[in-house]
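The values are calculated or read from the model by the stated rules, or taken from the named source; none is laboratory data. From a predicted model like this one, the values you see are computed outputs, not experimental measurements. Neighbour counts run over all protein chains shown; Cβ positions are idealised from the backbone, glycine included.
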Amino acid sequence: MSGNSFGNSFVVTTFGESHGVALGCVIDGCPPGLELSKEDIQKDLDRRKPGSSKFTTQRKEDDEVEILSGIFEGITTGTPIGLLIRNKDQKSKDYDDLKDVFRPSHADYVYTKKYGHRDHRGGGRSSARETAMRVAAGAVAKKYLSEKLNIKILGYLSQIGPIKIGEIDPAQIDQNPFFCPDINVLKDIENLIDNLRENGDSTGAKIEVSVTNLPIGLGEPVFDKLEADLAKGLMSINAVKGFEVGKGFDLISSRGSESRDEMTPDGYTSNNSGGISGGISTGQELNLSIALKPTSSINKEGQTIDSSGESRKIKVKGRHDPCVGVRATPIAEAMTSLVLMDHFLRNRAQNADVLTDIPDLT
């Protein structure tokens, strides 16, 4: 299977299955000299891990990370960093009925057609549990970006089902299990998820990510535009079906005279492009958003087929999130961090000695 590595200069390769022995990753290209501990990684894993509240899957996993290599005396050495998380709370029998039946809008059918054989337990390699290693690797990238470059990455839930936030208070994001910045909608979200679980159904969500103190110049202007790589990274997250940067699809109905980010000696007058022009970061705040579809693993009867092509009815047992977006914020932050780290190293390699007389607008 190809496609398990991400990045060019900061390369992350993940391995493992949802109900396998363990999940793991190798980070290649991390600069030497970064102080890094297990706790630096664990705090982000704890934000993402299952069973952390009654509003998510009740699979109980510690998601305790083990550092296997790449760090000596608490400092990165520049060699590959190996990370491992052991699975502990698999209930594979919950998936026995799915061995020869395909869940609608899941990877089951296409995965089997492509590879001819699949691990049906919890989705195997296509399970969202794989994202634990993205969060672990992203924590390393996020720490470097923050400590060495003062780049700050902030994600939050901005919509779940029909419920939209009305205000953004960053202090509230980590004070509730939804990563929601608006305290006024928390009770509505709780009621929505309770209702979904009672009815065996699910709903979608929107996650937004903002990045501040981003330098000018990240991103390549042709195939590897910054927003193109961000789109690839964020849309590789399970259940993500939409990506926007800046005003995104709202620009369809706007005029060029309204949407262009005009420049003055004092800086930009707007940021409709979300901090990227021509595929290159402008130094403004980077604004992204992703849309996650409702999970298809639900306890509500639907129609599907089995491996013989016969019509079957399906209800998925097991422990599942009524909304996968509830735990997606740390994953979105992680993928954003990996892309920015990769592009920082690429830009530094080629353009570290470039000097211009053009003033900064930020």
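Only one of these is within 24 Å of Gly325 (Cβ to Cβ) and among the polar types (S, T, N, Q): Ser297, Ser273. Name it. Before you say what the answer is, go through the steps one by one.
Numbers: Ser273 fails: within 24 Å of Gly325 (Cβ to Cβ).
Going through Ser297, Ser273 in turn, just one is within 24 Å of Gly325 (Cβ to Cβ) and among the polar types (S, T, N, Q): Ser297.
Looking at region 7-21 only, could you name the residues that are crowded, with 16+ Cβ neighbours inside 10 Å and over 29 Å from Leu145 (Cβ atoms)?
Matches in region 7-21: Glu17, Ser18, His19, Gly20.
Kindly provide the set of residues from region 174-213 that are charged (D, E, K, R) and either over 22 Å from Leu234 (Cα atoms) or part of a loop (DSSP other than H, G, I, E, B) (or both), ordered by number.
Taking region 174-213 first, the residues charged (D, E, K, R) are 174, 182, 187-188, 190, 194, 197-198, 201, 206, 208.
Across region 174-213, the qualifying residues are Asp182, Lys187, Asp188, Glu190, Asp194, Arg197, Glu198, Asp201.
Given the conditions (1) farther than 29 Å from Ile216 by Cα; (2) outside any helix (DSSP H, G or I); (3) not hydroxyl-bearing (Ser, Thr, Tyr), report the number of the one that Arg129 does not fulfil.
Of (1) farther than 29 Å from Ile216 by Cα; (2) outside any helix (DSSP H, G or I); (3) not hydroxyl-bearing (Ser, Thr, Tyr), only one is false for Arg129: (2).
How many residues are touching a helix residue (DSSP H, G or I) at 6+ places or on another chain (Cβ under 8 Å), surrounded by fewer than 20 Cβ atoms within 10 Å (Cβ to Cβ) and outside any loop (DSSP other than H, G, I, E, B) if we restrict to region 258-284?
The qualifying residues number 2.
Would you mind stating whether Leu338 is surrounded by 21 or more Cβ atoms within 10 Å (Cβ to Cβ), hydrophobic (A, V, I, L, M, F, W, C) and touching a Leu at 6+ places or on another chain (Cβ under 7 Å)?
In short, no.
Which of (1) over 26 Å from Glu285 (Cα atoms); (2) buried (at least 22 other Cβ atoms within 10 Å of the Cβ) does Ala137 not meet, given it meets every other one?
(1)
Is it the case that Asn287 is in contact with a Lys or Arg (Cβ under 6 Å, 6 or more places away or on another chain) and within 14 Å of Glu227 (Cα to Cα)? Don't jump to the end; show me each part of the working.
Numbers: in contact with a Lys or Arg (Cβ under 6 Å, 6 or more places away or on another chain): no; within 14 Å of Glu227 (Cα to Cα): yes.
No; evaluated as a whole, the condition is false for this residue.
State whether one or more residues within region 285-296 are surrounded by fewer than 18 Cβ atoms within 10 Å (Cβ to Cβ), closer than 20 Å to His343 by Cβ and either modelled with pLDDT of 95 or more or of a type in the set (A, V, I, L, M, F, W, C) (or both).
Yes, some residue in region 285-296 is surrounded by fewer than 18 Cβ atoms within 10 Å (Cβ to Cβ), closer than 20 Å to His343 by Cβ and either modelled with pLDDT of 95 or more or of a type in the set (A, V, I, L, M, F, W, C) (or both).
Is it fair to say Phe55 is at pLDDT 95 or above and not charged (D, E, K, R)? Walk me through how you get there before you give the answer.
Details: at pLDDT 95 or above: no; not charged (D, E, K, R): yes.
No: the conditions fail for Phe55.
Based on this model, can you work out whether Val326 counts as aliphatic (A, V, I, L, M), farther than 22 Å from Phe6 by Cβ and in a helix (DSSP H, G or I)? Spell out the reasoning first.
On the way: aliphatic (A, V, I, L, M): yes; farther than 22 Å from Phe6 by Cβ: yes; in a helix (DSSP H, G or I): yes.
Judged against the criteria, Val326 is a match.
So how many residues does region 216-257 have that are exposed (fewer than 13 other Cβ atoms within 10 Å of the Cβ) and assigned to a loop (DSSP other than H, G, I, E, B)? Give the derivation first.
Here is the first cut: in region 216-257, the ones exposed (fewer than 13 other Cβ atoms within 10 Å of the Cβ) are 221-223, 241, 249-250, 252-257.
From what's left, assigned to a loop (DSSP other than H, G, I, E, B): 221-223, 254-255.
Adding up the residues that qualify gives 5.
Where the second residue is of a type in the set (Phe, Trp, Tyr) and crowded, with 16+ Cβ neighbours inside 10 Å and the first is closer than 13 Å to Gly233 by Cβ and lies in region 1-29, which pairs have Cβ atoms under 7 Å and are six or more apart or on separate chains?
Final answer for the pair search is Val12/Phe6.
Which residues, taken from region 5-41, are farther than 13 Å from Arg125 by Cα, β-branched (Val, Ile, Thr) and in a loop (DSSP other than H, G, I, E, B)?
Scanning region 5-41 gives no hits.
Quick one: how many residues across region 150-173 are in contact with a helix residue (DSSP H, G or I) (Cβ under 7 Å, 6 or more places away or on another chain) and either among the aliphatic types (A, V, I, L, M) or part of a helix (DSSP H, G or I) (or both)?
Count: 8.
Within the bounds of region 219-234, is there any residue that is touching a helix residue (DSSP H, G or I) at 6+ places or on another chain (Cβ under 8 Å), modelled with pLDDT under 95 and over 17 Å from Thr282 (Cβ atoms)?
Scanning region 219-234 turns up no residue that is touching a helix residue (DSSP H, G or I) at 6+ places or on another chain (Cβ under 8 Å), modelled with pLDDT under 95 and over 17 Å from Thr282 (Cβ atoms).
To keep it simple, each residue is scored yes or no on (1) at pLDDT below 95; (2) surrounded by fewer than 14 Cβ atoms within 10 Å (Cβ to Cβ); (3) of a type in the set (Lys, Arg); (4) touching a Pro at 6+ places or on another chain (Cβ under 8 Å).
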position	(1), (2), (3), (4)
Tyr111	yes, no, no, no
Lys114	yes, yes, yes, no
Arg118	yes, no, yes, no
Arg125	yes, no, yes, no
Lys142	no, no, yes, no
Lys164	no, yes, yes, no
Phe178	no, no, no, no
Gly200	yes, no, no, no
Ala205	no, no, no, no
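So Ser296 clears everything in (1) in a helix (DSSP H, G or I); (2) under 28 Å from Pro162 (Cβ atoms); (3) polar (S, T, N, Q) except one condition, right? Which one?
(1)
Please tell me if Ala132 is surrounded by 14 or more Cβ atoms within 10 Å (Cβ to Cβ), of a type in the set (A, V, I, L, M, F, W, C) and within 30 Å of Gly33 (Cα to Cα). Even if it seems obvious, please write down each step before you answer.
Working: surrounded by 14 or more Cβ atoms within 10 Å (Cβ to Cβ): yes; of a type in the set (A, V, I, L, M, F, W, C): yes; within 30 Å of Gly33 (Cα to Cα): yes.
So Ala132 passes the test.
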